[in-house]
Every structure is written in structure tokens, then in C-alpha cells.
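The values are calculated or read from the model by the stated rules, or taken from the named source; none is laboratory data. Keep in mind that this is a model prediction, so the values were computed, not measured. Don't worry about glycine lacking a Cβ; one is built from the backbone with ideal geometry, like all the others, and counts go over all protein chains shown. We work out accessible area using only protein heavy atoms, side chains counted, and drop any ligands, DNA or RNA first. Shrake-Rupley method; radii C 1.70, N 1.55, O 1.52, S 1.80 Å.
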Amino acid sequence: MDVFTVAIVDNQPVRRGGMERLINDEAELEVVASVSGVAELDTVATKYDMVVLDLPLDSDGAAVVTISRLADVSRPLVVAAWDRPPTLLAAIRAGAYACVSRHSDPQAVSAALRVVAHGGFYVCDRMYPQLQAELNRPAREDPNGLAPREVETLRWIARGFTQAQIASRMGLSPATVNTYAKRIRAKLKATNKAELTRVAIELGHLNDDYSVDPAA
């Protein structure tokens, strides 16, 4: 039987210990790291297939970047209150394989772990209504005439991702992302990345609510 390795990131020791016990009860899962912050994972020599990331209540705009970073090396399962940024869609678009609530019962978390271990996607039952509401939220018009896909590209650029990384996350070719970037610079009259980042902040495109539908 294959054994899938798991890293846990949670700044609450008691809660982290509970997650360790829950994971160790699963025969095909093994905890190889249990740390209080993502930075500590850099010191972990052992590779891990999955990471359980519990977002702090005071999580800020860096949460989406953190999820994206972890998605580059593992399958993130994100635990959060979901009553503040990032939204479910923001987490999913950043690369989360599963989203569960802090109020989810242990059976739901165990189910999420098993699904993610085998490469699947999971959202706990109590989160379905919120996810549906986010999917049905009308697209917000951009005052500068940016299309939804261009807005999403601008957000990734402002967060420091390369065009190749953006292409991977958006399911596009690098050439298409390059075309979007050129259009964005022309519409915003920005000549470099620093200016794009400044404008993105001024326009409120880095608040992580992802209310613009990226389907173009």
C-alpha cells in the first residue's frame, strides 16, 4: 500500500496536535512535518505529498501567495474560517486541492485527506452554499476596461509571479499571458511591473476577494 506523506502548518499547538492524531489514524497517511509557520517548512529535509495549511484568523493578502507557493511542491488542503479573505474561489484558483472549515467534523477532514492523497478535489458539505454563492456572484466591471481574464493576470503579476507561473495557474499558454500583459500595460498606461503593482493596489485588485469571474 502506498503511503502519502503530510506536512501540517498551524500556529496553534493544540489544534496541530489534534490534526496529527487524525492523520496518523489513516493507514495510508504519515505526518513527516508539523510546524507553526510556512517558513519552517524550508528547514524540513523530507519531501511531502500534501500539506494541511490552517490559515490564521488574521490572514492577509499573503495567504493566496502562500497557497500558490505550496501548490508548486505539494497538494494543499486549506483550513480556514472563510469569513474573511481569501475566499474559497481565491484559495482554489491559487492551487488548493481541498477547502474545509474549522468547524468541519473529523470525518469530513479525513475524507478530504483521502481524496487529496489520490489527487482529487474536495470541498466540505458545509462550504458548498458559500462556494455556489461565489460562483454565481456577478462579475465586477473594471473602470479601465480590463477584461476579467486581464484582471486575474494583473493580480498574479502584482503578486510577483512570472508569466510562465501565471500561465500554469490560469491554464493558458505563456504566449497568451504575454498578450494579456501587453494589453494591460496599454490600458493602464503602465510601462513596468512596479507601476502595474501600484495601479493594481489603487484599483483594489489585491484584496483577495476574486469577485471578478475569470472566465473569458
Failed criterion for Val64 (all others in (1) surrounded by fewer than 17 Cβ atoms within 10 Å (Cβ to Cβ); (2) at pLDDT below 85 hold): (1)
Some residue of the stretch 116-138 being farther than 14 Å from Thr87 by Cβ and modelled with pLDDT under 85: yes
Helices (runs of 4 or more DSSP H) fully within the stretch 66-148 counting 2 or more residues that are of a type in the set (S, T, N, Q) and under 18 Å from the mean Cα position of the chain (by Cα): 128-136
Qualifying residue in the stretch 67-88 (condition: buried (at least 23 other Cβ atoms within 10 Å of the Cβ), over 21 Å from Val115 (Cβ atoms) and touching a Pro at 6+ places or on another chain (Cβ under 8 Å)): no
The stretch 115-136 - residue that is of a type outside the set (A, V, I, L, M, F, W, C) and surrounded by 15 or more Cβ atoms within 10 Å (Cβ to Cβ) and, of those, nearest to Ser74 (Cα to Cα): Tyr122
Residue that is farthest from Ala112 (Cα to Cα) [pool: residues in the stretch 1-47 that are hydroxyl-bearing (Ser, Thr, Tyr) and surrounded by 11 or more Cβ atoms within 10 Å (Cβ to Cβ)]: Ser36
Subset of the stretch 97-114 that is in contact (Cβ under 8 Å) with a residue 40 or more places away in the chain and open to solvent by less than 20 Å² (accessible area, probe 1.4 Å) - its residue that is nearest to Gln132 (Cα to Cα): Val109
Positions within the stretch 156-201 being in contact with a helix residue (DSSP H, G or I) (Cβ under 6 Å, 6 or more places away or on another chain), under 23 Å from Gly95 (Cβ atoms), open to solvent by less than 40 Å² (accessible area, probe 1.4 Å) and among the hydrophobic types (A, V, I, L, M, F, W, C), in sequence order: Trp156, Ile157, Ala158, Ile166, Ala167, Val177, Ile184, Leu196, Ala200
